[in-house]
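*Asks:* Take a look at this one; I'll ask things after.
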Amino acid sequence: MTGDNITTYPVDTVNRVKRLHDRGAYDHATIHALLDAAMLCHVSYVIDGQPYCTPTLYWREGSRLYWHGSSASRMLRNLSGGEPACLTVTQIDSLVLARCGFNHSVDYRSVMAFGQARLVSDQAEKERALVMMVDRLFPERTALLRQSSHQEIKATAVIFMDIERASAKIRTKGIGDNEEDYRLPIYAERIPVNTVLGKPEPCPRLLPAVKRPPTLDGYREGRPLEDSLAEAYRASYPD
């Protein structure tokens with residue numbers, strides 16, 4: 001399924017949510033929003049029959065995902081020619097303590113995206129992608145930085161993957177005990193989990209005249225990280 005009017009990813013045996021299918025979602029809006037509110041993913045792939053799963057930073061442009069790493073990375077060397085890959089992202093929203101061990105759980109939001117991973121080989125596109133690797137998180141920051149050297153760019157590889165299939169799975173149920181268990185004298189609770197930004201700590205070796213730029217105002221103490229990331233994404237990709 002392709003085209004500007006398509007708003008959901010195709011569903012088949014690869015990405016269909018099989019257990020508790022009512023928690024599944026396949027629409028672009030849900031999946032993209034979850035991707036844009038995170039920054040760390042895990043990429044799974046197989047090399048010579050051996051499975052691997054590597055954590056890395058990523059970012060999205062439309063239905064294309066990018067991630068990067070060392071040019072010497074085993075992962076990037078083996079994902080450069082159109083190898084099947086699965087990229088996952090998860091946000092934990094709460095710990096759920098029920099009245100039975102079987103019903104203990106977590107509330108969460110997750111995405112699984114599937115496609116063919118390929119190396120960005122065009123030099124101009126690679127350099128553009130490396131700019132967005134920074135600016136996607138911190139809009140307009142690259143323009144304020146020392147330009148990366150040729151050797152630094154050469155030492156970095158960039159991979160992209162067009163999302164062919166994807167699914168989101170979301171649990172918001174909280175405590176879900178068996179009806180008869182609610183009469184038991186057992187304590188149960190939901191513990192919310194939030195990743196919140198702390199107070200920024202300027203480098204102790206800053207020159208006296210250097211001040212924190214206003215472009216970093218979205219990263220302020222007490223704000224949920226996912227809100228800052230989503231806002232930064234919208235600023236970097238306003239369309």
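*Asks:* What do you get for chymotrypsin sites (Phe, Trp or Tyr not before Pro) in region 132-239 restricted to DSSP loop and a cutoff of at most 11 other Cβ within 10 Å of the site's Cβ?
*Replies:* Within region 132-239, the qualifying chymotrypsin sites (Phe, Trp or Tyr not before Pro) (loop, at most 11 other Cβ atoms within 10 Å) are Tyr187.
*Asks:* Quick one: how many lysine pairs in the chain have C-alpha atoms under 24 angstrom apart, if they're 8 or more apart or on different chains?
*Replies:* 4
*Asks:* Please give me, ordered by residue number, the GluC sites (Glu not before Pro) of region 149-239 that lie in loop per DSSP and have at most 10 other Cβ atoms within 10 Å.
*Replies:* Glu221
*Asks:* Hey, another quick one. Considering Cα pairs under 8 angstrom that are at least six residues apart, work out the relative contact order of region 21-193 and quote it in whole percent.
*Replies:* Reported as a whole number, the value is 30 percent.
*Asks:* Of Ile163, Tyr26, Pro204, which is farthest on the positive side of the dipole of the chain, counting Cα position, with +1 on Lys and Arg Cβ, -1 on Asp and Glu Cβ, and the Cα centre as origin?
*Replies:* Pro204
*Asks:* With an 8 Å Cα cut-off and a minimum separation of 6 or more residues, compute the relative contact order for region 124-225 in percent. It would help to have the intermediate numbers written out before the result.
*Replies:* On the way: 43 pairs, mean separation 28.0, N = 102.
Result for region 124-225 is 27 percent.
*Asks:* Take Val96, Val43 and order them by how many other Cβ atoms sit within 10 Å, fewest up front.
*Replies:* Taking fewest neighbouring Cβ atoms as first place, the list is Val96, Val43.
*Asks:* Could you work out how much longer the chain between Val14 and Val134 gets when fully extended? Use 0.36 nm per residue separation minus the Cα distance between them, nm to one decimal.
*Replies:* 40.0 nm
*Asks:* With charges set only on the Cβ (+1 for Lys and Arg, -1 for Asp and Glu), what does the dipole of region 1-131 come to about its Cα centre, in debye to the nearest 20?
*Replies:* It comes to approximately 360 debye.
*Asks:* So what is the 222 nm mean residue ellipticity for the chain from helices alone, if each DSSP H run of at least 4 adds -39500 (n - 2.57) and you divide by all residues, rounding to the nearest 500 deg cm²/dmol?
*Replies:* -5000 deg cm²/dmol
*Asks:* I've got another one for you. Relative contact order for region 11-94 using alpha-carbon pairs under 8 Å, separation at least 6, rounded to a whole percent?
*Replies:* Working: 78 pairs, mean separation 21.5, N = 84.
With pairs under 8 Å counted, the relative contact order is 26 percent.
*Asks:* Is there a quick way to get the dipole size of the chain? I mean about its Cα centre, with the Cβ of Lys and Arg at +1 and of Asp and Glu at -1; what is the value in debye to the nearest 20?
*Replies:* Roughly 540 debye, rounded to the nearest 20.
*Asks:* If the elastic network links every pair of Cα atoms under 10 Å, which of Asn15, Asn194, Asn178 fluctuates the most in the Gaussian network model of the chain?
*Replies:* Ranking Asn15, Asn194, Asn178 by mean-square fluctuation puts Asn178 first.
*Asks:* Still on this structure: Say we join alpha carbon atoms closer than 10 Å with springs in a Gaussian network model of the chain; which of His104, His68, His42 then has the biggest fluctuation?
*Replies:* His104
*Asks:* Using 7 Å Cα-to-Cβ label points, what is the Glu61/Lys199 separation (nm, one decimal)?
*Replies:* The two pseudo-label positions are separated by 3.9 nm.
*Asks:* Which FRET efficiency value, to the nearest 0.05, is calculated for Asp239 and Ile191 with the Förster distance at 45 angstrom and r the Cβ-Cβ distance? The partial results should precede the final answer.
*Replies:* Details: r = 39 Å, r/R0 = 0.86.
The value I calculate is 0.70.
*Asks:* Note down the magnitude of the dipole of region 139-239 about its Cα centre, charges +1 on Lys and Arg C-beta and -1 on Asp and Glu C-beta and zero elsewhere, to the nearest 20 debye.
*Replies:* Computed about the Cα centre, the dipole is about 580 debye.
Read-outs: derived from the displayed coordinates by stated rules, not from any lab. These figures come from a predicted structure and were not determined experimentally. Cβ: placed from backbone, ideal geometry, glycine included. Neighbour counts: every protein chain shown.
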